[in-house]
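**Q** Starting off with a structure, shown below.
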Protein chains: 2
Amino acid sequence: MEKRTALRTRLGRQVSQKDVAREAGVSQATVSRVLTSEETVSEEKQERVWRAARELGYRPNAIARSLVRQSTRMVGLVVTPFFNPYYSRVIADFTRELQERGFWTMLLNVDDQDSVEETLPEALRYQLDGVILACATLSSRLADECERSGTPVVLFNRYVLDAKVHSVCCDNVTGGAMVAKALIDGGHERYAYVSGVQETSTDRDRMRGFAEELASRGYRLAYHEVGSDTYESGAEAGRHLLQRDAPPDAVFCATDLMALGVLDVARYELDLSVPRDVSIVGFDDIPMAAWRGCSLTTVRQPVDEMVPAAVEIMLKAVEKPGGEVVEQRIRPTLVRRGSARL
Amino acid sequence: MEKRTALRTRLGRQVSQKDVAREAGVSQATVSRVLTSEETVSEEKQERVWRAARELGYRPNAIARSLVRQSTRMVGLVVTPFFNPYYSRVIADFTRELQERGFWTMLLNVDDQDSVEETLPEALRYQLDGVILACATLSSRLADECERSGTPVVLFNRYVLDAKVHSVCCDNVTGGAMVAKALIDGGHERYAYVSGVQETSTDRDRMRGFAEELASRGYRLAYHEVGSDTYESGAEAGRHLLQRDAPPDAVFCATDLMALGVLDVARYELDLSVPRDVSIVGFDDIPMAAWRGCSLTTVRQPVDEMVPAAVEIMLKAVEKPGGEVVEQRIRPTLVRRGSARL
DNA sequence: CTGAAAGCGCTTACAG
DNA sequence: CTGAAAGCGCTTACAG
């Protein structure tokens, strides 16, 4: 018997509660109680169990526990444009926050909405306790899938109009308006907006806030370029805009990444002086915006508030499903640096 | 009976194979065979099972399967300095590559070696099929833990001398030497090296390759600053170095992130002309290095080869444990841009 | 306080 | 080809 245990262990079979129980001379249930439940067990048996566990190098099997508890304490994190530094931050913050709350992150890599549709259902087989969709949208089909499996979903940086799904966003309309206000006060004349990924609530709201504020002060959005949330697409948009006959003297970009593309084209390709010839403003406040060579004026998304808020909503929903749908909007702040006359 | 099924399903209990079996009028084992095994089942029953599964919206439970198969198809990914854009790329590539091979990524966020020691064992409770340690080191204690649980480990961008653990690295010694060679050919006189996180094989090798090549050509490493792999620490190092009496005219930094800090200090704080007054070279080739405002000469790590190589090694080790230890070194390339006279 | 037993949802020999 | 049964490693009523 002794021999067999040793043999099996050596063969790679993990040490289980059964092994610990045998070693400690108690039942397997008692081992479970000592190691992981709140139920009381006599001092003496606790001792024996702990010792046996230590000696055998016992490690609880979270997969087995998940199966019986019907809860994995794993959360799916879906982030769709991986390349934007803003999302690196988001990933880092989510994993840390979740970890601190005792949850583990399954990170999904998807390029676009189509692959979300394809990949998320596969991942749900792992009985994720919840899903955070950062910058992807929940189609009704996906919403259905999640609902059916009882998996709470929190949208981050997106929302859907026919609400019924939690979301945490920066208040993008206000953000856009703040930029317009500041640029108008700075005495600009011709305004342009550069879209990131269109058809997202985020892009729509930033543009709307910007355009509406302009309108309310008697200005109009003269130009609108469409990028794809990359540095290069920003550069491309910058070339189009700044080489027009009547070029804009104020360019607001949906994201910092694109704004930096515009900035570099203005400075290094077209030899313009920023902000004397043109003011450029971004959104997000990625670390590079603060670099001396960039000094990008931008709108800061309060990621440090948004992420904990999203996690809080998620965990509440995990604990008791069927609560109210929360749609949190967090106010951004304007960060004045050197790329705009304000 | 009908009613009960419906009720239980509505209550959130997932549809299981048992439910599908009942609906299809076959045994639960047959459902399993149809849905997930290679065993043959009669056409007719296959039909019935598929239909029932579809109608009930059955989704396989990967946790249960993992338990019996003793394999979760989840891989732990530990990345230690999250803030460096180089690692965003690494995370993105690993998750994509793993996903394509049918594995899922559990992403761990740890700040330093200490938290690896603490967090990884907890994560191993999830019976990860393997672990990729990107830029963290495997202490002997950790190596032990993994060995005992039979979890293969692949180090990425690190290695340990008392080898016994797989690793994939860029050939950092060669990389450092390439920089030295090019700078010497460019006619520089006084050389400086800026360390990232010291005490890592990566930093050591880059410096060694650099210094040895200098020595072999009759030059010496005049200055050595120590940073912490951040833009700011690079800036700080730049201030120290470039304000000396006999400042270096060639600065090689362990990472692009720090090199960009040096670059910006040189250009915007000290009003030096780069590369006329000083050449600055980085390592990694992060996207920002190619930005027009940066134009950083650097050594490119072939991430697109390194990540698949690491995954390959990992999966081989998962399939048959106890194979040979693989230590792969991949040759980097020098990318000539505007920040160095070469 | 504690053990025997059921059960989480699967896979996979074992018989037939 | 197919069902009954054992078992993966746990948790948790149920009795005592």
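The values are calculated or read from the model by the stated rules, or taken from the named source; none is laboratory data. Bear in mind that the values here come from a model prediction, so they are computed numbers and not experimental data. Neighbour counts are summed over all protein chains in view; Cβ atoms, including those assigned to glycine, are modelled from backbone coordinates with ideal geometry.
**Q** Give me the residue from the range B:7-29 that is at pLDDT below 85 and surrounded by 10 or more Cβ atoms within 10 Å (Cβ to Cβ) and, out of that set, farthest from B:PRO60 (Cα to Cα).
**A** Here is the first cut: in the range B:7-29, the ones at pLDDT below 85 are B:7-14.
Applying the additional criterion that residues be surrounded by 10 or more Cβ atoms within 10 Å (Cβ to Cβ) yields B:7-9, B:12-14.
On the way: B:LEU7: 20, B:ARG8: 17, B:THR9: 15, B:GLY12: 15, B:ARG13: 13, B:GLN14: 10 Å.
Filtering first and then ranking leaves B:LEU7.
**Q** Another one. Could we say that A:GLY238 is within 14 Å of another protein chain (Cβ to nearest Cβ) and either under 19 Å from A:GLY186 (Cα atoms) or in contact with a strand residue (DSSP E or B) (Cβ under 8 Å, 6 or more places away or on another chain) (or both) here?
**A** Criteria met by A:GLY238.
**Q** So which residues in the range B:105-133 are closer than 12 Å to B:VAL311 by Cα and either hydrophobic (A, V, I, L, M, F, W, C) or surrounded by fewer than 21 Cβ atoms within 10 Å (Cβ to Cβ) (or both)?
**A** B:VAL131, B:ILE132, B:LEU133
**Q** Turning to a different aspect of this structure: Against the conditions (1) closer than 30 Å to A:VAL262 by Cβ; (2) touching a residue at least 12 places away in the same chain (Cβ under 8 Å), where does B:ALA317 fall short? Just the number, please.
**A** (1)
**Q** Still on this structure, I have one more. Do we find a residue being over 21 Å from the mean Cα position of the chain (by Cα), within 16 Å of DNA strand C (Cβ to nearest atom), within 26 Å of B:THR119 (Cβ to Cβ) and of a type in the set (Val, Ile, Thr) anywhere in the range B:44-57?
**A** No - not one qualifying residue is present in the range B:44-57.
**Q** While we're here: Sort out which residues of the range B:82-104 are over 10 Å from the mean Cα position of the chain (by Cα) and more than 10 Å from every other protein chain (Cβ to nearest Cβ), and write them in order of number.
**A** B:ARG101, B:PHE103
**Q** Still on this structure, please answer the following. Would you kindly identify the helices (runs of 4 or more DSSP H) lying entirely within the range A:24-126 that contain at least 3 residues that are out of contact with any strand residue (DSSP E or B) (no Cβ under 9 Å at 6 or more places or on another chain) and outside the structural domain of A:ALA310 (by TED's automatic domain parsing)?
**A** Filter on the range A:24-126 gives A:28-36, A:43-56, A:62-69.
**Q** With (1) free of Cβ contacts under 8 Å to residues at least 60 places away in the same chain; (2) within 14 Å of chain B (Cβ to nearest Cβ) as the list, and A:ALA259 as the residue in question, which single condition is left unmet?
**A** (1)
**Q** Which one of the conditions (1) touching a helix residue (DSSP H, G or I) at 6+ places or on another chain (Cβ under 7 Å); (2) surrounded by fewer than 20 Cβ atoms within 10 Å (Cβ to Cβ); (3) under 25 Å from A:ILE132 (Cβ atoms) does A:ARG73 fail to meet, given that it meets all the rest?
**A** Condition (1) is where A:ARG73 drops out.
**Q** Any idea which residue in the range B:30-48 is modelled with the lowest pLDDT, counting only those that are more than 9 Å from DNA strand D (Cβ to nearest atom) and of a type outside the set (Gly, Ala, Ser)? Step through it out loud before you land on a result.
**A** Quick first cut of the range B:30-48, residues more than 9 Å from DNA strand D (Cβ to nearest atom) only: B:35-38, B:47-48.
Adding the requirement that they be of a type outside the set (Gly, Ala, Ser) leaves B:35-36, B:38, B:47-48.
On the way: B:LEU35: 89, B:THR36: 84, B:GLU38: 75, B:GLU47: 89, B:ARG48: 91.
Here the residue is B:GLU38.
**Q** State all residues of the range A:13-63 that are farther than 28 Å from A:LEU128 by Cβ and within 14 Å of chain B (Cβ to nearest Cβ); if no residue qualifies, say none.
**A** Residues satisfying the conditions are A:ASP19, A:ALA53, A:ARG54, A:GLU55, A:LEU56, A:GLY57.
**Q** Moving on. Among the residues of the range B:134-143 satisfying the criterion of being part of a helix (DSSP H, G or I) and either aromatic (Phe, Trp, Tyr) or under 20 Å from B:ALA310 (Cα atoms) (or both), which is modelled with the lowest pLDDT?
**A** By that ranking, first place goes to B:ALA143.
**Q** Something else now. Condition first: surrounded by 11 or more Cβ atoms within 10 Å (Cβ to Cβ) and near DNA strand D (Cβ under 10 Å from one of its atoms). Now tell me which residues in the range B:49-68 satisfy that. So that I can check it myself, show each step before the final result.
**A** To start, the set of residues in the range B:49-68 that are surrounded by 11 or more Cβ atoms within 10 Å (Cβ to Cβ) comprises B:49-53, B:55-67.
B:VAL49, B:ILE63, B:ALA64, B:ARG65, B:SER66, B:LEU67, listed by residue number.
**Q** State whether one or more residues within the range A:216-233 are closer than 23 Å to A:ARG336 by Cβ and within 14 Å of another protein chain (Cβ to nearest Cβ).
**A** Yes, there is a match, as at least one residue in the range A:216-233 is closer than 23 Å to A:ARG336 by Cβ and within 14 Å of another protein chain (Cβ to nearest Cβ).
**Q** Take the residues of the range B:137-179 that are among the small types (Gly, Ala, Ser) and under 20 Å from the mean Cα position of the chain (by Cα): which is farthest from B:ARG208 (Cα to Cα)?
**A** Ranking the qualifying residues of the range B:137-179, first place goes to B:ALA143.
**Q** Name the strands (runs of 3 or more DSSP E) wholly inside the range B:286-335 in which the number of residues that are under 30 Å from B:SER273 (Cβ atoms) is 3 or more.
**A** B:297-300, B:333-335
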